[in-house]
Ligand SMILES: Nc1nc2c(ncn2[C@@H]2O[C@H](COP(=O)(O)OP(=O)(O)O)[C@@H](O)[C@H]2O)c(=O)[nH]1
Ligand SMILES: [Mg+2]
Ligand SMILES: [Zn+2]
């Protein structure tokens, strides 16, 4: 009997599939010819499977809408970019780099600020002001003074229904802490930054999808640095939503918003409608992409 479902967990050759119709969890193995066909099922995959025996068999993996590599996970709808105010310190350059990478994968990023309790009132106000710029650029932002308030967690959960959401961001930003606030039963391990570096080396990077608020949610180990390796300079301006909004009004089609005359993006920058830091980071990334080209 052929059924359809979604892989939500993978452990040593077994794949747990959440059945589309019955909503039951079925343990399966991959069909023998998968290896020969170069198919490696990953968490998030939609699969056709046979559940007639004691153990199910994956028959086919359906085409992926997108997939992430570290950790391997497919068909992701949105990413909660967990961003700490301090430890590690907020960096608009890193945040923009994360956002660009997520947009490149066709995933919707949402920004979630943590560790606001470690900030002075003035620094918090300044950071909140910065983040309101991101909100105007088109991003959903969570930046309450109490990072894990019930009201803010409720608002976050209201975005989960019928979607696959991954928690991403720098190691130590508070991803697992946030997920534990959402559902204390998860009991995810959390660790101070000094410990996360060691932890990464010794643990296998497993990823599972949890059912939360009518959606599927995954924690990820995060990263300590990030490159823009797959992005070219034609694509880069399309990964800044506020540039995309104004670029139809640029004088030239395919405007890079650098030195072209009649550039609406630069006009909006001058009038303060586009954040200077976002534009500066854009130029910085453009430079970085050009330098990759020289290297390879
Ligand atoms: N002061 C403070 N510490 C936090 C906050 N959120 C997380 N932490 C701490 O930061 C460290 C890293 O958190 P963790 O959730 O493991 O980060 P992850 O690597 O992103 O999953 C842990 O020691 C947490 O207790 C916060 O809002 N305020
Ligand atoms: Mg974690
Ligand atoms: Zn332009």
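The values are calculated or read from the model by the stated rules, or taken from the named source; none is laboratory data. The model shown is predicted, which means the values in this text are computed figures rather than measured ones. Using ideal geometry, Cβ is built from the backbone for each residue, glycine included, and neighbour counts are taken over all protein chains shown.
Need pairs with beta-carbon distance below 6 Å; first residue in a helix (DSSP H, G or I) and within region 250-278, second within 16 Å of ligand 2 (Cβ to nearest atom) and modelled with pLDDT of 95 or more; sequence gap 6+ or separate chains.
Qualifying pairs under 6 Å: none.
Run down 40, 36 and say which single residue is touching a helix residue (DSSP H, G or I) at 6+ places or on another chain (Cβ under 9 Å) and surrounded by fewer than 13 Cβ atoms within 10 Å (Cβ to Cβ).
Working: 36 fails: touching a helix residue (DSSP H, G or I) at 6+ places or on another chain (Cβ under 9 Å).
Every option except 40 fails the conditions.
Pull out all pairs, ordered by first then second residue, where Cβ-Cβ is under 6 Å, the residues are six or more apart or on different chains, the first lies in region 172-190 and is more than 18 Å from residue 89 (Cβ to Cβ), and the second is within 9 Å of ligand 1 (Cβ to nearest atom) and assigned to a loop (DSSP other than H, G, I, E, B).
Close Cβ pairs satisfying both conditions: 176/188; 176/190; 176/219; 179/188; 179/219; 180/188; 181/148; 188/219.
Could you tell me how many of the residues in region 68-96 are under 11 Å from the mean Cα position of the chain (by Cα) and free of Cβ contacts under 8 Å to residues at least 60 places away in the same chain?
Final tally of qualifying residues: 0.
Can you say whether residue 267 is more than 26 Å from the chain's Cα centre (by Cα) and more than 18 Å from residue 135 (Cβ to Cβ), as far as the supplied structure shows? Outline the logic, then answer.
On the way: more than 26 Å from the chain's Cα centre (by Cα): yes; more than 18 Å from residue 135 (Cβ to Cβ): yes.
Answer is yes for this residue.
Is it the case that residue 219 is in contact (Cβ under 8 Å) with a residue 12 or more places away in the chain and within 16 Å of ligand 1 (Cβ to nearest atom)? Walk me through how you get there before you give the answer.
Details: in contact (Cβ under 8 Å) with a residue 12 or more places away in the chain: yes; within 16 Å of ligand 1 (Cβ to nearest atom): yes.
So residue 219 passes the test.
Rundown of residues vs (1) within 20 Å of residue 214 (Cα to Cα); (2) away from ligand 1 (no atom under 16 Å from the Cβ), yes/no style:
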| site | (1), (2) |
| --- | --- |
| 129 | no, yes |
| 135 | no, yes |
| 145 | no, no |
| 150 | yes, no |
| 156 | yes, no |
| 173 | no, no |
| 177 | no, no |
